Structures are given as structure tokens and as C-alpha cells.
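Structure record follows, encoded as C-alpha cells.
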There are 2 protein chains.
Amino acid sequence: MTRLTRTFAALSDDTRFALVDKLIRRGELSAGTLAAETEISAPAISRHLRVLREAGVITQRAQGTHRYYAANADALRAIHGWTMDHRAFWSGSLDRLDTLIALDPEGDDR
Amino acid sequence: MTRLTRTFAALSDDTRFALVDKLIRRGELSAGTLAAETEISAPAISRHLRVLREAGVITQRAQGTHRYYAANADALRAIHGWTMDHRAFWSGSLDRLDTLIALDPEGDDR
DNA sequence: CCGTTAATTAACATTTGCGTTAAAAAAGGA
DNA sequence: TCCTTTTTTAACGCAAATGTTAATTAACGG
């Protein structure tokens, strides 16, 4: 898996996406706080946090028995960068998009 | 699954990501063309295309026995929009390439 | 030292995802 | 009609993901 597909994989689960969203909106939160606000068990949350951390989407900080997690801005920037790389494709009006498609008629088969 | 997590899931596989990337760069392409340029079998590609289509990441057009696929700009806009929603979080320091490299702890960029 | 709290790891069951080959469906041409 | 081409669907095997409960590790406080 490339770095970007790994990032997408980390965000492809609703529970993990919600965790990341909380961390972005509210800043650093402990594993316990995150687990308490979710339906599923603490061990499940712990593993989701691990997946996110290993994908580089969040960071971890230890303080005593607590583990504080925070969203990693670099992951957001990487996704943003990818969309910007293809901005010419999706930006602008529908008319403009139709023009782009018409100008690049790879329609024929080979 | 929400709309966005479904989009991320569709893009979380390297084969599917590469298919979308081709369609963005080169415009509409047939299933056969896409399958011919990939290592795995045509049925496998067909199913990947189905996953992408059902997630709204690509569109399909029939012409005779051919099926032409194209990237859906709306999906790209949705991802871009999500990153922009959280721009205040990550837009602080536009960093260099080494921070992006540090995102992948194993360095398996391929 | 002992008991409590915070978090993770272990073990397990179940589901989902992804690849293969074989078969089927649909359009086109001789 | 029969054969070929294009693409998808079917059937199957196997690996990975996700949830649970139980056990373990580590820090804190009396």
C-alpha cells in the first residue's frame, strides 16, 4: 500500500473517521475519553487508534497511564495535496469539464 | 457507511486507486483497456470498477459491448471539501517533503 | 505491598475483501 | 445461424478486518 491509500484505508471505517473528526475539532483527547463517547468496547477503540497511528493519521503522547491522541495535520495536507494535484480535472463549471473530456477523446478502444 | 467513508474505502486499494488515477489523467477508458494495463485478471478489474462505481467515484457508459468508465469529479470535490472544512486545523505550517516522508514509518513507498 | 484505574494485548468467532478460473450474457460480423 | 469479442457474474479459497470477553501491563495512591 502506498502512503496515500493507507491514509484512505485508515479513514474508510466510520468509527475511525469519527475518532479523527473528534480529534480535529476538539484537539488532544485520551483513549478513555474517546472510548467513553463511543458505542463499541474500549479494546476495539484501542485497536482503531493503533490503525490510525500506524497510518500516520494521528499521533500518541503518553502521560502516566494515559495515552493522549491528536490528529496529524500532515495526513490532512497529504489528502488536500492529492486533490489539488488533480484540480484541473474537477474544478470549474460543468461546461468546462465537458470541454476537457471532449478535448481528450481517449474513447476509442485498443 | 457515510458517503465520504465509502469514497475513502473505494480509494483504499492500490489497484482501484491506480484505476481512478488513470481515468483522471487520461479521461474515459474502456474496461478492456484498463484491464489490459493491469496485472490482475479482467474479472478482478471488473469488480474493482463496480466497487468504484457503487461508491460514486467513477461513472459508466455503455456503447455496444464496451463499457466506458470515467472519473467522477464530484467525488474529488467531496474529498477536497472535507479537507477545506478542516483547513483551520492543518493550514498552519505548510511544511516540506521530509514531513510527508515521515508519515510512512516503514518507508514502503511503491 | 495492595488495590484501583487506564490502556493494551490475547484469543476467538464472524464477516468482508480480493484473487482465481469457468460460465454466462450481449453485441457484431461473416 | 454460428463464431468471436467484450464484459460481467458465479463459485470457490484464503487472508485480513472487526467485534467480543478475558487477561496482562503499567502507573498511581493509601
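Per residue, what accessible area does the stretch A:1-66 have, given a 1.4 Å probe and all protein chains present, in Å²?
That works out to 50 Å² for each residue.
Measuring from a point 7 Å out along Cα→Cβ, what nm distances, shortest first, does B:Ala88 have to its partners in the other copies?
Result, one decimal in nm: 3.5.
Take A:Asp85, project a point 7 Å from its Cα along the Cβ direction, then tell me which residues of the stretch B:1-38 have their backbone nitrogen under 11 Å from it.
B:18, B:21-22
Rounded, prolate or oblate for the stretch A:1-75? Axes are the square roots of the Cα gyration tensor eigenvalues, ordered a ≥ b ≥ c, and the cut-off for rounded is a/c under 1.5.
prolate
Suppose we compare each residue of the stretch A:1-34 in its chain alone and in the full protein complex with a 1.4 Å probe; which ones drop by at least 30 Å² of accessible area?
Residues shielded by partner chains are A:Met1, A:Thr2, A:Arg3, A:Thr5, A:Arg6, A:Phe8, A:Leu11, A:Ser12, A:Asp14, A:Phe17, A:Ile24.
How large, in percent, is the carbon and sulfur part of the accessible surface of the stretch B:3-102 at a probe radius of 1.4 Å?
Result for the stretch B:3-102: 51 percent of the exposed heavy-atom area is carbon or sulfur.
Say a label goes 7 Å from Cα toward Cβ at B:Gly56 in every copy; what distances in nm does this one have to the rest, shortest first?
2.9
Would you list A:Glu39, B:Glu37, B:Glu54 from the most to the least accessible area, probe 1.4 Å?
A:Glu39, B:Glu54, B:Glu37
What quantity of accessible surface, computed with a 1.4 Å probe and excluding non-protein components, is buried in total between chains A and B, in Å² to the nearest 100?
The summed interface area works out to 4200 Å².
The values are calculated or read from the model by the stated rules, or taken from the named source; none is laboratory data. Since the model is a prediction, treat every value here as computed from it, not as a measurement. Because the Cβ atoms are built from the backbone with ideal geometry, glycine has one as well, and the counts that use them run over all protein chains shown. Remember, those area values only see protein heavy atoms, side chains included, never the ligands or the DNA or RNA. Shrake-Rupley method; radii C 1.70, N 1.55, O 1.52, S 1.80 Å.
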